[in-house]
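Heads up, the thing below is written out as structure tokens.
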Amino acid sequence: MNNKIKIYLLCVLMAFLFASISNAEIPNLVTKVILTGSDGSTVPLKIQENLTLILNNLNNIKENKTYFTKEGLTQFIDLYEKSEFKCINVLYNGKLINLQNGGYEVRGIRVRVNMKTTKGNPDQFLVFTFNSNLIIEDVNFAMEKHLYERIIEDGIKLKDFAHRQKIIHFIEIFRTAYNRKDIEYLEKAYSDDALIIVGRVLETAPEQPEMLEKSYLSKDQIIFVKKSKEEYISSLRNVFSTNDFIKVDFESLNIIRHDSILDIYGVTLKQRWKSSNYSDEGFLFLMIDFADEDSPLIHVRTWQPEKFPDGSVISLYDFNIVE
């Protein structure tokens with residue numbers, strides 16, 4: 001065997017070994033967090049010091065509970081136990097983000113989760129939210145970087161920056177709740193009279209009864225099934241109990257603010273759902289009420305597997321909203 005063949009076989013073997021490494025086999029790396037800020041204060045130094053300590057002591061997080069609010073610690077432990085994430089970078093060099101409420105955010109800390117029997121990319125990115133006292137009050141999986149950057153750019157252009165920060169935060173909590181199988185949070189996130197609609201594709205489109213009250217949607221090729229909040233949550237409980245890990249990703253995201261009811265936003269996302277026994281891809285629409293900014297409510301949730309023949313999807317414009 002000549003040297004070229006030996007080198008080639010060695011490279012193939014190494015590639016195979018790296019590709020087959022499971023979450024349990026990732027070594028516990030020493031991770032260093034370095035942050036830059038825009039106000040010239042010592043806040044970035046303090047937060048980077050705390051995050052470095054936390055990320056290098058994941059198995060003993062309760063010993064560092066003073067860095068968390070009570071709710072933040074509960075969420076962090078729950079997310080860690082459910083996803084078994086591990087840091088996979090020795091250095092995180094990023095920017096400390098100032099939030100409109102006086103808090104801070106650190107985004108994009110790459111980790112690898114244990115997806116067990118669920119297929120797909122196991123890499124996720126953590127986002128830490130700090131209050132004004134530099135205490136961690138929330139930890140979630142972040143949305144894709146390009147979506148975040150576009151939403152922030154739109155917010156600056158439309159002078160709606162503060163609201164869009166809150167929408168991003170809500171969507172990331174909402175998405176992570178599925179990873180954590182947090183049925184209690186999801187139950188609270190939907191209003192009691194929420195309109196929940198699930199669509200499926202038909203090979204032919206027979207005559208159908210009207211399913212979308214106060215809507216102007218055509219129903220060509222897709223039949224919509226209306227569910228109560230109780231029915232949807234019950235179905236979700238069953239999904240959570242029969243799947244090892246649920247991964248929810250968003251490929252696209254569009255935000256529309258209601259013309260006259262300024263607390264109402266429509267959020268349309270292209271969603272990819274992967275679990276151990278089911279996967280799908282389709283368009284998710286949420287009508288969210290931010291009248292209570294601490295507890296936003298979802299009044300409408302719809303999902304459709306495909307766009308309509310004219311290229312449209314369900315959006316805020318498809319519903320009459322009465323104050």
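The values are calculated or read from the model by the stated rules, or taken from the named source; none is laboratory data. Here the structure is a predicted model, which is why all the values come from computation and not from measurement. Positions of Cβ are generated from backbone atoms using ideal geometry, with glycine treated the same way; all protein chains shown enter the neighbour counts. When the accessible area is computed, the model is the full protein with side chains, heavy atoms only, and any ligands, DNA or RNA have been set aside. Shrake-Rupley method; radii C 1.70, N 1.55, O 1.52, S 1.80 Å.
Once segment 233-251 is narrowed to residues that are hydrophobic (A, V, I, L, M, F, W, C) and in a loop (DSSP other than H, G, I, E, B), the residue that is nearest to R150 (Cα to Cα) is I246.
Among strands (runs of 3 or more DSSP E) lying entirely in segment 252-323, which contain 2 or more residues that are touching a Gly at 6+ places or on another chain (Cβ under 6 Å), open to solvent by less than 40 Å² (accessible area, probe 1.4 Å) and not hydroxyl-bearing (S, T, Y)?
Numbers: elements: 264-274, 279-289, 297-304.
Output list reads 297-304.
Residue pairs whose Cβ atoms lie under 9 Å apart, separated by 6 or more positions or on different chains, with the first residue in segment 161-181 and more than 29 Å from E84 (Cβ to Cβ) and open to solvent by 10 Å² or more (accessible area, probe 1.4 Å) and the second in a helix (DSSP H, G or I) and modelled with pLDDT of 90 or more, are R164/I151; Q165/I151. Count of segment 284-295 residues, restricted to those that are farther than 12 Å from I197 by Cβ and either of a type in the set (G, A, S) or at pLDDT 90 or above (or both), is 6.
Of all residues in segment 116-133 being of a type outside the set (S, T, Y) and touching a helix residue (DSSP H, G or I) at 6+ places or on another chain (Cβ under 8 Å), which is farthest from I54 (Cα to Cα)? Only one residue tops the list, namely P122.
The C-beta contact set for segment 64-89 (first residue assigned to a strand (DSSP E or B), second residue of a type in the set (S, T, Y) and open to solvent by less than 60 Å² (accessible area, probe 1.4 Å), distance under 9 angstrom, 6+ apart or interchain) comprises C87/T31. Which members of segment 97-137 meet the condition of being of a type in the set (F, W, Y) and either open to solvent by 10 Å² or more (accessible area, probe 1.4 Å) or in contact with a Ser or Thr (Cβ under 9 Å, 6 or more places away or on another chain) (or both)? Hits for segment 97-137 are Y104, F125.
Cβ-Cβ contacts under 8 Å between residues 6 or more apart (or on different chains), taken from a first residue in segment 102-116 that is of a type in the set (F, W, Y) to a second residue that is part of a strand (DSSP E or B) and open to solvent by 40 Å² or more (accessible area, probe 1.4 Å), are listed as Y104/N98.
Among the residues of segment 30-76, which ones are touching a helix residue (DSSP H, G or I) at 6+ places or on another chain (Cβ under 8 Å) and within 15 Å of G103 (Cβ to Cβ)?
Our first condition is that a residue be touching a helix residue (DSSP H, G or I) at 6+ places or on another chain (Cβ under 8 Å); within segment 30-76, this holds for 31-37, 50, 53-54, 57-58, 61-62, 64-65, 67-68, 73, 76.
Correct list: L35, G37, N50, Y67, F68.
Inspect all residues belonging to segment 75-96 and state whether any of them is open to solvent by 60 Å² or more (accessible area, probe 1.4 Å), within 21 Å of the chain's Cα centre (by Cα) and either at positive phi or not basic (K, R) (or both). Write out each step before concluding.
Initial filter on segment 75-96 (open to solvent by 60 Å² or more (accessible area, probe 1.4 Å)): 81-82, 84, 90-91, 93, 95.
If we keep only those that are within 21 Å of the chain's Cα centre (by Cα) as well, we get 81-82, 84, 95.
Filter once more, so that each one left must be either at positive phi or not basic (K, R) (or both): 81, 84.
Yes, there is a match, as at least one residue in segment 75-96 is open to solvent by 60 Å² or more (accessible area, probe 1.4 Å), within 21 Å of the chain's Cα centre (by Cα) and either at positive phi or not basic (K, R) (or both).
Sub-8 Å Cβ pairs linking a first residue in segment 129-144 that is acidic (D, E) to a second residue that is in a loop (DSSP other than H, G, I, E, B), at least 6 apart or interchain, are E137/T69; E137/G103; E137/N131, ordered by first then second residue.
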